[in-house]
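Here's the structure we're looking at; comments come further down.
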Amino acid sequence: MFTGIVREMGRVNRIEKKGGIVLITISSKEVVRGLNIGDSVAVSGVCLTAVKTAGSAITFDVMEETVRRSTLAHLKEGDTVNLEGSMGVDGVFGGHFVQGHIDCVGTIRHINKKGDSFSIDIGVPDGFSGLYVNKGSVAIDGISLTIGECKGNGFDVYIIPHTLKSTTLGLKAPGDKINVEFDVIGKYIAKTTSHSGNGTNLSNSFPGMGQASPRVTEKFLEDKGFI
């Protein structure tokens with residue numbers, strides 16, 4: 001489990017394919033400290049398992065399926081990634097519950113400067129509109145953010161200068177791909193309410209609940225007692 005509070009930015013040192021596994025080695029100054037083999041690390045929002053540490057480098061074994069379903073498919077040596085170690089039982093919870101399980105790859109449609117902050121318009125594939133709501137939480141490349149406004153197949157998020165400087169969002173441009181993980185509470189609500197009256201499960205196409213899932217709105221959450 002993660003919180004969406006990025007600890008540092010790391011650099012991709014090496015990408016190597018071995019059979020059905022992709023080995024990714026990333027340099028780290030903070031997350032690598034005290035890291036044990038088998039520990040989980042969120043790499044731009046994707047939960048990966050550390051299989052080797054050497055000095056400031058961490059190596060991860062990644063299944064090709066994980067690569068295909070995230071922006072890891074576009075990763076190159078020299079790229080910068082967000083890093084967050086898994087939350088300890090005595091840790092401070094600063095963001096929201098982030099699992100590191102990517103729901104979809106989104107696209108940055110627009111970046112707009114508003115005073116000292118920026119808003120980023122993010123588009124997502126069809127079938128996901130029931131999984132996010134105005135003022136709800138979302139993880140973008142592993143960063144815990146609040147949705148400002150839902151619009152079409154996507155939404156706005158607002159970014160403060162600190163987040164731009166301390167994460168890879170400050171390096172992004174329109175057209176870039178990003179990992180999107182919707183709030184797990186919203187996903188459970190959508191899955192629960194996608195059953196028909198006779199108990200037949202209509203959510204076989206999850207993720208992207210499709211037409212079977214009702215729209216999760218603020219009123220819906222209020223009616224169900226979640227807010």
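Between residue 37 and residue 14, what is the FRET efficiency for a Förster distance of 22 Å, r being their Cβ-Cβ separation, to the nearest 0.05? Don't skip to the end; give the middle numbers.
Values: r = 18 Å, r/R0 = 0.81.
With R0 = 22 Å, the Cβ-Cβ based efficiency is 0.80.
Whole-Hz Karplus ³J(HN,Hα) for the stretch 145-159, in order, using 6.51 cos²θ - 1.76 cosθ + 1.60 and θ = phi - 60°, x for Gly and Pro?
9, 10, 6, x, 8, 7, 8, x, 8, x, 6, 9, 10, 10, 10
Give the dimensionless ratio obtained when the Cα radius of gyration of the stretch 8-85 is divided by 2.2 N^0.38 Å.
Details: Rg = 11.1 Å, N = 78, 2.2 N^0.38 = 11.5 Å.
Rg over 2.2 N^0.38 Å, computed on Cα atoms: 0.96.
Local charge sum around residue 39 (other residues, Cβ-Cβ under 14 Å, Lys/Arg +1, Asp/Glu -1)?
0
Sorting 60, 2 on the 10 Å Cβ count, fewest up front, what's the list?
The order, fewest Cβ neighbours first, is 60, 2.
Where a Cα-Cα gap under 16 Å defines reach, which lysines qualify for residue 172, not counting those fewer than 8 residues away within the same chain?
Reachable lysines: 76, 113.
Using only C-alpha atoms and all pairs of different ones, pull out the Kirkwood radius for the stretch 104-184 in Å with one decimal. Walk me through the intermediate numbers first.
Values: mean 1/r = 0.0802 Å⁻¹.
This gives a value of 12.5 Å.
For every other residue with a beta carbon closer than 9 angstrom to the beta carbon of residue 7, add +1 if it is Lys or Arg and -1 if Asp or Glu, then tell me the sum.
Values: positive: none; negative: 8, 30, 84.
Result for the neighbourhood of residue 7: -3.
Return the long-range amide H neighbours of residue 136 (sequence gap of 5 or more, or a different chain), with a cut-off of under 5 Å between placed amide H atoms.
Amide H to amide H, under 5 Å and 5 or more residues apart or across chains, residue 136 pairs with 147.
How large is ³J(HN,Hα) for each residue in the stretch 164-173, as worked out from phi by the Karplus curve 6.51 cos²θ - 1.76 cosθ + 1.60 (θ = phi - 60°), to whole Hz, x for Gly and Pro?
Result, rounded to whole Hz: 4, 7, 9, 9, 6, 4, x, 9, 7, 9.
Counting only other residues whose beta carbon sits under 11 Å from that of residue 99, what net charge do I get with K and R as +1, D and E as -1? Mind showing how you got there, number by number?
Details: positive: 187; negative: 103, 181, 183.
Surrounding charge for residue 99 is -2.
Out of 53, 20, 66, whose Cα points farthest toward the positive end of the dipole of the stretch 8-85 (charges: +1 Lys, Arg; -1 Asp, Glu; placed on Cβ)?
Farthest towards the positive pole: 20.
Each value in this text was obtained by applying a stated rule to the coordinates, not by laboratory testing. The structure presented is a predicted model; accordingly, all values stated were derived computationally and were not measured. We place every Cβ from the backbone using ideal geometry, glycine too, and count neighbours over all the protein chains shown.
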